[in-house]
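Below is one structure, written out as structure tokens; comments come after it.
The values are calculated or read from the model by the stated rules, or taken from the named source; none is laboratory data. Keep in mind it's a predicted model, so treat the numbers as computed, not measured. Positions of Cβ are generated from backbone atoms using ideal geometry, with glycine treated the same way; all protein chains shown enter the neighbour counts.
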Amino acid sequence: MNFKTNSPITLLLLLIFVVSCQSKKETKKDMAVLEEQKPNIVLIIADDVSWNDIGAYGHPNIKTPNLDKLAKDGMRFNEAFLTTSSCSPSRTSIISGLYPHNTDAEQLSWPLPEGKNTFVQQLKDAGYWTGLAGKYHMGDPVRDDFDALLEMQWKDAPIGLDRRLVGDGSGCDEWLSLLQNRPKGKPFFTWLASFDAHRPFYEGISDDPYGPEDVVIPPYMPQTDATKKDFALYYDEISRMDNYIGKVIAELDAQGVTDNTLILFISDNGRAFPRDKTTLYDGGIKTPWIVKWPARIKAGSINNNLVSSADIASTFMSVAGLKPLPEFDGKDISPLLFGGNTEVHNEIYAEDHFHDFEDYTRAVRTQKYKYIKNYYSDLPNTPSADVLRDRTWKSMVEEHKKGTLNEAQSRCFEIPRSEDELYDIIADPNELNNLAQNSDYANVLKDMKSRLESIRTKTKDYLPTERTPDDFFRETGLPTKYRIRPRPSKEVYMKARKEGRVLMNPDFKE
């Protein structure tokens with residue numbers, strides 16, 4: 001069919017073509033502008049939440065619609081790991097880009113000392129406005145890295161046990177305030193850290209609480225009524241945190257900054273249950289890792305590369321147009337965000353230090369195997385003190401006395417522990433079958449040991465000359481005379497050790 005050049009139909013088609021081309025040019029222009037601009041960066045850190053207790057990672061019953069949508073709109077990493085499974089050491093490792101043994105803050109509540117560079121300070125120096133809201137837990141020297149610091153506050157004294165927070169207990173109360181009161185016209189970085197889902201767990205925080213039928217308990221914990229109750233309350237806190245994450249996303253949308261804002265969601269360590277938090281099993285060190293950045297990251301992406309929380313500092317500096325600091329232990333994984341699939345790590349390294357109780361453990365993990373070295377194998381794998389004081393552990397102690405725990409469930413009580421542990425993660429994701437003594441895996445064990453020693457040498461890891469006294473009694477979870485709050489720095493502890501003194505709480509009463 002032929003059309004006259006001046007016919008209405010021809011003119012309409014030409015108009016549509018011109019508008020379409022112009023629209024595509026504008027879209028490409030807008031994208032180019034976005035890529036030239038420094039992105040805003042929002043880091044969201046959950047407290048004591050395991051990677052598989054989120055809907056986006058396949059949990060059948062837990063309600064995390066906002067995290068699920070974040071994953072749908074961004075990229076989900078399936079093999080992401082933390083450098084340690086302890087609260088403050090994990091955070092100081094993230095902010096400094098160092099393995100814990102290089103932070104001089106490797107033990108619980110040791111502050112990151114003066115002289116340690118952080119990616120937050122680098123962003124601030126480059127013109128970013130920086131703010132933190134929620135849980136802080138990194139020590140006084142880091143406070144000045146943030147232009148605004150809205151730290152969660154306690155209702156009672158800072159040395160109390162099982163304390164309650166001002167507000168609803170989530171630690172998320174000030175997240176929106178931080179975003180709403182930031183200065184406009186400059187890129188921003190925010191560190192949003194929840195107290196959910198840290199113990200103790202309380203009833204009545206949810207209008208739609210979980211029940212025992214909703215919980216999924218790993219096989220290394222018994223299916224007692226107390227454990228089911230504990231898990232249900234833990235899920236309540238995860239869903240509360242998810243609700244706050246939804247509010248953050250909505251606020252970014254309302255401010256019109258969503259397209260060029262990178263959001264990363266992770267946890268500081270795994271759930272606060274036996275054989276999870278403070279251990280180097282995947283229940284302790286594997287983390288959810290969800291990234292959204294509409295301007296640069298393809299929605300619905302999945303990445304199966306190994307990544308480490310030590311990589312966050314280098315990556316954030318890189319996407320902000322800065323060169324990562326040479327002392328960082330982590331790597332820049334930004335190419336993975338942009339669709340690349342080149343392997344960044346062929347193994348990850350994790351470490352366990354003093355957390356309420358003395359310990360010294362190291363692990364190296366590949367896509368298929370995990371090797372754990374227990375240097376203090378004479379000590380049991382005792383959970384953190386707040387776990388000891390709560391439902392699940394108390395029920396495990398009772399079942400242990402009855403002799404009803406299976407082998408995997410009994411390992412927290414085992415003395416001595418196996419010095420070497422080797423697991424086939426693909427065949428045995430819950431790390432129940434230790435292959436270290438299996439001759440069929442002798443070559444694998446040799447290779448994994450070699451990998452661990454290589455990393456220790458490269459990163460100057462070392463075994464302490466003396467042990468740190470426990471802050472709590474392993475039988476009750478109650479304080480010993482060695483528990484001091486606020487906890488002195490590593491420098492103070494080392495000075496006392498050099499002088500032949502042991503630091504103790506002068507106000508302690510038997």
If residue 510 satisfies every condition in (1) farther than 18 Å from residue 352 by Cβ; (2) outside any loop (DSSP other than H, G, I, E, B) but one, which is the exception?
(2)
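Restricting the search to the range 247-269, which residues are more than 19 Å from the chain's Cα centre (by Cα) and in a helix (DSSP H, G or I)?
Pass one, the range 247-269, residues more than 19 Å from the chain's Cα centre (by Cα): 247, 249-261.
Within the range 247-269, 247, 249, 250, 251, 252, 253, 254 qualify.
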Of all residues making up the range 445-482, the number that are loosely packed, with under 12 Cβ neighbours inside 10 Å and in a loop (DSSP other than H, G, I, E, B):
7
Residues being touching a residue at least 24 places away in the same chain (Cβ under 8 Å), closer than 16 Å to residue 291 by Cβ, out of contact with any Lys or Arg (no Cβ under 8 Å at 6 or more places or on another chain) and not β-branched (Val, Ile, Thr): count how many of those fall in the range 53-68.
2
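Look through 436, 496 and report the one residue that is of a type in the set (Gly, Ala, Ser) and under 15 Å from residue 369 (Cβ atoms).
Details: 496 fails: under 15 Å from residue 369 (Cβ atoms).
Sole residue among the options that is of a type in the set (Gly, Ala, Ser) and under 15 Å from residue 369 (Cβ atoms): 436.
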Exactly one of (1) assigned to a helix (DSSP H, G or I); (2) over 21 Å from the mean Cα position of the chain (by Cα); (3) polar (S, T, N, Q) is unmet by residue 318. Its number?
(2)
Looking for something surrounded by 23 or more Cβ atoms within 10 Å (Cβ to Cβ), part of a helix (DSSP H, G or I), of a type outside the set (Phe, Trp, Tyr) and not assigned by TED's automatic domain parsing to the domain that holds residue 484 - is there at least one such residue anywhere in the range 128-141?
no
Return the total of residues in the range 337-358 being of a type outside the set (S, T, N, Q) and over 20 Å from the mean Cα position of the chain (by Cα).
6
Scan (1) surrounded by fewer than 24 Cβ atoms within 10 Å (Cβ to Cβ); (2) not in a helix (DSSP H, G or I) for the single condition residue 272 breaks and write down its number.
(1)
Output for Cβ contacts, cut-off 7 Å, separation at least six or different chains, first residue within 13 Å of residue 335 (Cβ to Cβ) in the range 294-305, second among the β-branched types (Val, Ile, Thr) and assigned to a loop (DSSP other than H, G, I, E, B), reads 305/344
Test set (1) closer than 17 Å to residue 83 by Cα; (2) at pLDDT below 95 - residue 306 fails condition number:
(2)
Could you identify the single residue in 219, 183 that is within 30 Å of residue 472 (Cβ to Cβ) and surrounded by fewer than 16 Cβ atoms within 10 Å (Cβ to Cβ)?
219
Cross-chain or 6+ apart pairs with Cβ under 8 Å, the range 370-383 first and within 13 Å of residue 357 (Cβ to Cβ), then small (Gly, Ala, Ser) and buried (at least 17 other Cβ atoms within 10 Å of the Cβ)
383/272
